[in-house]
Every structure is written in C-alpha cells, then in structure tokens.
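Reading through the structure tokens given below for one structure.
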Amino acid sequence: MRQLLRNTNFTFILGAGLVFILVQALISVGVLNAYWQGIIFWGAAITMVSLGLNLIYGFNGQFSLGQFGFYAIGAYASADITYRWVRNDPSALVVVIFGSVLALVFMLGVSAFLRRFYGVATLAKFLFHFLAAVLGFFLAVRFVNPAIGKSVYTALNALPSGLSQQIVFFLALVGGATLAGIISYLFGIPVLELGSDYFGIATLGFTIIVKVLLDNTDTLLPFPEMKGARGMVGIPKWTTWPWVFFTFMAVVLVMRNLLHSSTGRAILSVREDERAAELVGIDTASQKILAFVIGSVFAGLAGGIRAHDMAFLHPTMFGFLPSFNPLIIIVFGGLGSMTGTIITGFFWIFLLEGLLRLYLPEGFETWRFVVYPLVLLLMMLLRPQGLMGRYEIAFLRRPLPPPRVKESPPAPKPIPEAGEVAV
Amino acid sequence: MKGRPENLSPEVEARPVILEIEGLTHYFDSLRAVHDFSVTIKEGELVGLIGPNGAGKTTVFNLITGVYRPTAGSIRYEGAQLVGLPSHEIIQMGIARTFQNIRLFANLTVLDNVLIAYHPHAGYGLADSIFRSRRYREREKAMIERSQEFLEIFGLADRQNDIAGSLPYGLQRRLEIARALATQPRLLLLDEPAAGMNPQEIDQLMELIHFIRDRFQLTIFLVEHRMRLVMNICEWITVMDFGEIIARGKPEEVRGNPQVIEAYLGRQAIR
C-alpha cells in the first residue's frame with residue numbers, strides 16, 4: 001500500500017477520483033447549488049483556456065492574446081450544433097463534423113503537396129490551406145448534408161434518447177474544438193512567422209474580429225439563431241459535472257503527455273532559444289503551429305463546456321476585457337507551470353464571481369477592477385515568476401531519468417575534467 | 001582543385017568532397033560581408049578559417065547553415081545544393097554547428113539539451129506521446145540511453161539533471177559540442193570553440209577535437225581566433241579579411257605569409 005501511494009500516477013488518479021466523487025456527492029445532496037456549480041464549471045472552462053495559453057506562451061514562448069477568440073468559436077459552434085439538434089435540425093452537426101473531416105483531409109493533402117517545393121511564400125501557403133478548408137466546408141454544406149443529414153438524424157434518434165443526447169453533446173464539443181483548431185492553424189500559418197510580440201498584436205486583432213462577427217451573426221453571417229448582439233438563447237443546458245470533470249482531465253492529460261515527450265522538449269526548446277533550436281535540427285515553425293493549434297483546441301473545447309452550462313451566449317462574454325483573464329491567470333500562476341495555472345484558474349473565477357457576490361460588502365463591485373489590478377501589480381513586484389514559478393506537482397513534473405547504470409567498465413576517459421579548471 | 005591549397009598529399013586529394021562552396025557572396029544591405037568565398041573540403045579533413053574581427057568568418061557559417069540566404073554563390077554538401085533550404089533541414093542532412101557565444105537551452109537540464117538534438121530521430125509521433133504507446137516508451141528509453149552515452153563521453157554524466165545554465169563555462173562549451181554531435185553529423189562546424197579559454201583549457205579542447213573526430217569520423221571546419229589552436233590542429237587554413245580570402249595553405253605557410261601578418265598586425269609590423 002505504501003509503495004502504491006508512492007507511485008505518483010496512482011496517487012494522482014486517487015486524488016482526482018476523490019475530488020470527482022466529493023463534488024458529485026455535494027451536488028447530489030444539494031450543498032453545491034446551481035450557483036456554485038456554475039462557478040466550478042466556469043472555473044474549469046477558464047482553466048482549460050488558460051492551460052492552452054500556457055502551452056502557447058509559457059511553454060512555447062509565443063505571446064497570444066487570441067485564445068478568447070477560439071473560446072468563442074468553440075462555444076458558438078457547439079451551441080449551434082445542439083441548438084439546431086434539439087429543434088430537429090441535424091444540419092449543423094453534419095456540416096461541422098463532416099466539413100471538419102473533409103477540411104482536414106484536404107489541408108493534409110495540400111501540405112503534403114507543398115512540402116515538395118522549397119521556399120513557398122507564406123501567403124501562398126496560407127491561401128492554399130484556406131482554399132482547402134473552404135472547399136471542405138462547402139462540400140459539406142452543399143452535398144454531404146443534403147445527402148445524409150436525414151439518415152444521421154434518424155440513426156441517432158433510434159438510440160435511447162439519453163444516449164443520443166450524450167453522443168450529440170460529445171460530437172458538438174469535438175466539432176467546436178476541431179473548428180477552433182482548423183481556424184487557429186490557418187491563422188497561425190502567416191502570423192506565427194512574425195516574432196512573438198507582433199504575434200501578440202495580431203492575435204489580439206483576431207479576438208476583436210471574432211467579437212465583431214459575433215455581434216453581427218444575424219446580419220453579416222447567415223446564422224439568425226445566434227441573434228447577434230442580442231445574445232443566443234435556447235441552448236440546451238447539458239453540461240454536467242461528469243462532463244466537466246472528464247473533459248478537464250483529458251485536457252490535463254493530453255497536455256502533460258505532450259510536454260513529457262520528445263515533441264514537448266522541442267516545444268520548450270523554441271521558447272529557450274529559437275535559433276539554437278533550429279540549428280540542432282528542430283523544425284521550429286511546425287512546433288509553434290503545433291502548440292498554437294493544440295492550445296486553441298483546448299480553448300474551443302472549453303467554449304463548448306461553457307456554452308452548455310450557461311445555456312446562453314452573448315458576444316460581450318468574449319469581449320476585450322474578459323479576454324485578458326487567461327493571461328492574468330497564467331502569469332499569476334506561473335508561466336510554464338500547469339499546476340499554477342490550475343490553482344489560479346479556479347481561484348480567479350472564485351475571486352471574480354463567488355467571493356464578490358457572497359462575501360464581500362455591497363459596494364465592492366465597483367472597486368474590484370481597482371483592487372484586482374493592484375493585487376496583480378504587487379504580485380509582479382514581489383514574485384515576478386508567479387505563484388508557482390515553474391513548479392509542478394509530481395504527476396505533472398517531467399521525470400528526471402536516473403543516471404545510467406554502467407554494466408561494463410566505462411570507456412577510457414580521454415578528456416581530463418575541464419570543469420574545475422574553468423572556474 | 002578550386003578552393004584548396006595545391007600542395008596537399010595525393011592521399012587526401014583522392015578522398016571524396018564533402019563540402020564545396022563556390023563564389024559565395026553576401027551583402028547586409030550595402031555592406032559587403034562575404035565576397036567570392038570558395039572552399040572545398042574533403043571527407044575527414046580538419047580545416048581552419050581564420051581572420052581578424054569582422055572578417056566575415058561567422059557569416060560564412062551562418063550562410064552554410066541557412067541562417068542567411070547568400071546574395072550569390074553555391075554551397076554543396078555531398079553534392080546537394082544547400083542554398084535556399086531551411087536551417088533545420090540542413091542540420092538533418094548531417095551538418096552540425098556550435099556558436100561563438102554559447103547558445104544552450106539554459107533553463108533546461110543537461111540531458112534535455114542533448115535529447116532535443118535527438119528529436120528528428122525520435123521515431124515516434126504525436127499520437128504515441130499522447131497515448132503513451134509502447135513505441136513511445138521504448139523509443140524514449142533508447143533516446144535517453146543514447147544521450148547518456150554522449151554525456152559520459154564528454155564527462156558530463158554526473159551532471160545530467162543539472163540546469164544547463166548553471167554549468168561552469170568549460171562544461172557549457174563541452175555540452176554544446178555534445179549537443180551538436182547528437183544530431184548525428186558528418187560535418188561539424190565549430191565557431192570559435194576556444195573563445196574565453198585559458199591556454200590549459202585550449203590544450204584540453206584540442207585533445208577533445210581530435211578525439212571526437214576519430215570517434216565519430218567527422219570532417220571538421222572551424223573558425224578560430226586563437227593561433228595556438230589553429231596552428232596545432234588544422235591540416236590547412238583559409239584566411240579571410242574584409243570578406244575575402246587572402247591566403248590559403250598549411251599552417252606554417254600561412255604563418256609566414258606577409259598578407260596575413262598585415263591583416264592581423266597592421267602594415268607597420270612588416271616594415
């Protein structure tokens with residue numbers, strides 16, 4: 001038993017399982033009412049966005065302000081899928097899922113084709129990928145949906161209603177995340193060529209573009225059900241604690257396993273010294289795109305969770321000011337620390353919502369955006385590396401391999417130790 | 001043959017060419033950094049490139065490794081044209097380099113620094129790492145073992161989990177060479193490996209260079225400032241000044257060349 005407890009994987013799964021059961025129990029007996037559930041679910045969603053941003057900024061060194069744009073895309077796309085589904089219209093589901101698959105296939109084809117040429121201009125690369133993606137979604141709208149939409153609907157409805165709802169919700173989350181991933185890939189091709197600071201500005205622009213488009217979904221875009229600046233109502237409230245928990249765990253595990261792999265080390269090397277990384281044979285452009293796309297997929301996934309918890313979406317939720325929350329969280333928690341992001345993510349939402357409404361005096365609401373920035377400022381002065389620095393709990397820490405055991409006598413050491421002389 | 005001294009032994013001349021640079025020219029805006037630079041290096045040679053500060057030596061290395069794209073000229077490595085290729089592909093073809101001012105991944109461990117250089121040979125993909133497949137575990141174990149072998153060769157084994165930036169200067173230089181060799185090169189470019197070293201350390205470095213050349217069967221092209229190193233280990237030397245080649249030959253010939261002395265010491269030194 002003691003040995004089992006020393007196994008970090010086991011203790012982590014045990015701990016996570018206990019948290020899951022505890023929260024589920026508290027929800028069942030009614031201690032955690034809808035309000036507190038909302039805070040926990042929101043905290044989980046923001047933490048997922050922040051983990052994605054930490055992957056991009058904290059681990060890969062690319063300063064992105066665009067994560068809320070992808071969060072919004074994930075939220076609106078998945079909400080549209082379920083909104084239409086409960087109104088007996090499978091078109092959004094079919095178009096997003098099959099369109100994404102087609103777009104991915106075409107984009108893979110395009111990049112395999114372009115790899116045969118050297119020095120393809122970035123804009124040309126972008127254009128070809130963009131056309132491939134558009135073609136994929138066009139085919140899905142024009143041909144796939146009319147052809148199989150009805151049969152998908154009847155097939156899914158033939159299942160027991162609870163099950164079909166879970167499947168549709170799952171597909172909606174996956175579809176929203178994939179869409180966010182595809183758009184981030186297209187956006188990343190031209191923009192990641194810029195240095196990190198310019199990338200930050202460009203991604204800020206992206207968030208603003210998304211916000212403007214969301215304000216005009218019913219006029220500029222052909223989505224009347226999103227109702228533009230009036231806000232989208234009537235989204236089924238399907239997010240439950242198990243959905244939140246398992247999505248969150250999937251994000252944490254994927255990110256951890258990625259960071260502990262060779263690709264993860266390559267991602268870190270780009271942050272450390274991009275040119276040196278390139279000159280030990282790392283394709284730094286691909287690593288940057290990869291981190292950006294995975295981070296954005298996390299954001300899209302979080303958007304789906306949030307949308308189906310709120311059952312209501314409004315463009316101001318994805319506006320300029322809230323889009324800085326993930327950045328605040330990762331800087332506060334520690335750039336390059338998943339542990340720090342997870343702790344601060346939940347804490348920040350608690351601070352913004354829970355603490356404010358329940359425990360603090362009435363007039364504080366006006367003062368909070370004076371007090372919180374001051375807290376941040378103090379934090380930066382007293383502990384610039386963030387709450388956790390780069391510390392990770394054992395489960396998330398990259399393992400340090402033990403020194404090699406020498407079986408045979410070591411090769412004669414031809415070089416004298418230079419270290420001592422150098423000092 | 002172009003780009004080589006005439007009086008090298010026929011045994012060396014019979015070997016295949018590994019690197020052939022012809023008419024390499026590079027301008028930074030209107031500043032001429034390198035002009036009509038030609039060098040041909042054969043397999044297994046140890047060639048030096050020297051010259052006063054600002055002569056364009058490091059620029060030549062940056063041109064070979066694709067950091068800059070030359071204004072004109074060609075660079076062939078084992079027959080393949082390198083001009084226009086991105087750096088990481090050039091490295092993956094079998095050229096490795098070190099930097100004049102050490103560029104380690106300073107916040108990562110010593111072992112990580114070497115492991116990163118193995119990344120192109122990792123042999124497992126994204127899905128393997130996310131799902132922790134068997135291939136991930138096997139390949140990762142093999143990679144770590146190979147990297148540890150490297151660290152042992154360079155006397156860094158007991159510091160594998162130290163942060164690279166915390167190593168003393170001499171060991172950082174060594175780690176940089178270890179990291180370069182982990183990319184499995186056949187041609188190694190060393191950019192001022194002796195910078196900041198005392199004479200004793202330079203002697204150790206010379207031993208190290210000889211050792212890695214034999215052990216990994218490398219061709220070495222090095223830029224250097226310190227005559228002690230260059231004159232002792234290079235088989236032949238190319239001298240640059242103001243972006244142009246001013247002399248070429250065996251160390252003892254170059255040492256006596258009046259043009260070289262002038263470039264290094266100024267005109268008065270000859271009179």
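The values are calculated or read from the model by the stated rules, or taken from the named source; none is laboratory data. The structure displayed is predicted, hence computed values, not measured ones. All Cβ positions, even for glycine, are placed from backbone atoms using ideal geometry, and neighbour counts span all protein chains on display. Side chains are part of the model used for accessible areas, which takes the heavy atoms of the whole protein and leaves out ligands, DNA and RNA. Shrake-Rupley method; radii C 1.70, N 1.55, O 1.52, S 1.80 Å.
Within segment A:218-258, the set of residues being more than 14 Å from chain B (Cβ to nearest Cβ), out of contact with any strand residue (DSSP E or B) (no Cβ under 8 Å at 6 or more places or on another chain) and of a type in the set (Val, Ile, Thr) comprises A:219, A:239, A:240, A:244, A:247.
I'd like to check something: does segment A:84-102 contain any residue that is closer than 28 Å to residue A:266 by Cα and surrounded by 14 or more Cβ atoms within 10 Å (Cβ to Cβ)? Yes, segment A:84-102 has at least one match. Taking first residues from segment B:115-135 that are touching a residue at least 40 places away in the same chain (Cβ under 8 Å) and partners that are open to solvent by 20 Å² or more (accessible area, probe 1.4 Å), the Cβ contacts under 6 Å between residues at least 6 apart in sequence or on separate chains come to B:120/B:92. For segment A:355-370, residues that are in a helix (DSSP H, G or I) and either aromatic (Phe, Trp, Tyr) or open to solvent by less than 50 Å² (accessible area, probe 1.4 Å) (or both) total 6.
Restricting attention to segment B:148-158, the residues that are facing chain A (nearest Cβ under 7 Å) and under 15 Å from residue B:105 (Cβ atoms) total 0.
Scan segment A:112-129 residue by residue and report those that are crowded, with 17+ Cβ neighbours inside 10 Å and either within 22 Å of the chain's Cα centre (by Cα) or not hydrophobic (A, V, I, L, M, F, W, C) (or both).
Within segment A:112-129, A:125, A:129 qualify.
For residue A:49, the conditions (1) hydrophobic (A, V, I, L, M, F, W, C); (2) farther than 23 Å from residue A:388 by Cβ; (3) modelled with pLDDT of 95 or more all hold with the exception of (2).
Only one entry of A:309, A:283 meets the criterion of being within 14 Å of another protein chain (Cβ to nearest Cβ) and either crowded, with 24+ Cβ neighbours inside 10 Å or of a type in the set (D, E, K, R) (or both), and that entry is A:283.
For segment A:158-178, give me the residue count where each residue is over 19 Å from residue A:235 (Cα atoms) and modelled with pLDDT of 95 or more. Don't jump to the end; show me each part of the working.
So the first thing to find is which residues in segment A:158-178 are over 19 Å from residue A:235 (Cα atoms), and the list is A:158-160, A:178.
When the remaining residues are screened for being modelled with pLDDT of 95 or more, the result is A:178.
Count: 1.
Checking each residue in segment A:174-187 for being under 11 Å from residue A:303 (Cβ atoms) and open to solvent by 10 Å² or more (accessible area, probe 1.4 Å) picks out only A:179.
Can you report the number of residues in segment B:66-95 which are surrounded by 21 or more Cβ atoms within 10 Å (Cβ to Cβ) and β-branched (Val, Ile, Thr)? Adding up the residues that qualify gives 4.
For segment A:274-297, a tally of residues being assigned to a loop (DSSP other than H, G, I, E, B) and more than 19 Å from residue A:129 (Cβ to Cβ) returns 4.
Okay, residues lined up against (1) at positive phi; (2) within 8 Å of chain A (Cβ to nearest Cβ); (3) touching a helix residue (DSSP H, G or I) at 6+ places or on another chain (Cβ under 7 Å); (4) buried (at least 22 other Cβ atoms within 10 Å of the Cβ):
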residue: B:145; (1), (2), (3), (4): no, yes, no, no
residue: B:160; (1), (2), (3), (4): no, yes, yes, yes
residue: B:183; (1), (2), (3), (4): no, yes, yes, yes
residue: B:187; (1), (2), (3), (4): no, no, no, no
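Considering segment B:162-173, the residues that are open to solvent by less than 30 Å² (accessible area, probe 1.4 Å) and more than 7 Å from chain A (Cβ to nearest Cβ) include one that is nearest to residue A:256 (Cα to Cα), namely B:164.
A search for C-beta distances below 6 Å between a residue of segment A:131-143 that is touching a residue at least 40 places away in the same chain (Cβ under 8 Å) and any residue that is open to solvent by 50 Å² or more (accessible area, probe 1.4 Å), counting only pairs 6+ apart in sequence or on different chains, returns A:140/A:98. Given the condition under 25 Å from residue A:76 (Cβ atoms) and of a type in the set (Ser, Thr, Tyr), answer yes or no: does some residue in segment A:116-133 qualify? Checked against the condition, which is being under 25 Å from residue A:76 (Cβ atoms) and of a type in the set (Ser, Thr, Tyr), segment A:116-133 yields no hits at all.
State yes or no: is residue A:175 under 19 Å from residue A:99 (Cα atoms), small (Gly, Ala, Ser), in a helix (DSSP H, G or I) and touching a Gly at 6+ places or on another chain (Cβ under 7 Å)? Please lay out each step first, then the result.
On the way: under 19 Å from residue A:99 (Cα atoms): yes; small (Gly, Ala, Ser): yes; in a helix (DSSP H, G or I): yes; touching a Gly at 6+ places or on another chain (Cβ under 7 Å): no.
Taking the combined requirement at face value, the residue does not satisfy it.
Considering segment B:99-138, and only residues there that are among the polar types (S, T, N, Q) and within 9 Å of chain A (Cβ to nearest Cβ), the residue that is most open to solvent (accessible area, probe 1.4 Å) turns out to be B:107.
Mind counting the residues in segment B:212-242 that are open to solvent by less than 50 Å² (accessible area, probe 1.4 Å) and either among the aromatic types (Phe, Trp, Tyr) or within 14 Å of chain A (Cβ to nearest Cβ) (or both)? Quick ask: steps written out before the conclusion?
The first filter runs over segment B:212-242 and keeps only residues open to solvent by less than 50 Å² (accessible area, probe 1.4 Å), leaving B:212-213, B:218-224, B:229-231, B:233-234, B:236-241.
Right, trim to either among the aromatic types (Phe, Trp, Tyr) or within 14 Å of chain A (Cβ to nearest Cβ) (or both) and you get B:212-213, B:221, B:236.
Selection size over segment B:212-242: 4.
The residues in segment B:57-96 that are within 14 Å of another protein chain (Cβ to nearest Cβ), touching a residue at least 60 places away in the same chain (Cβ under 8 Å) and closer than 22 Å to residue B:27 by Cβ can be counted, and the count is 4.
Have a look at A:261, A:296, A:269, A:323 and point out the one that is without any contact (Cβ under 8 Å) to a residue 12 or more places away in the chain, in contact with a helix residue (DSSP H, G or I) (Cβ under 6 Å, 6 or more places away or on another chain) and either surrounded by 20 or more Cβ atoms within 10 Å (Cβ to Cβ) or more than 14 Å from chain B (Cβ to nearest Cβ) (or both). Spell out how you get there, then give the answer.
Values: A:296 fails: without any contact (Cβ under 8 Å) to a residue 12 or more places away in the chain; A:269 fails: without any contact (Cβ under 8 Å) to a residue 12 or more places away in the chain; A:323 fails: without any contact (Cβ under 8 Å) to a residue 12 or more places away in the chain.
None of the others qualify; the one that does is A:261.
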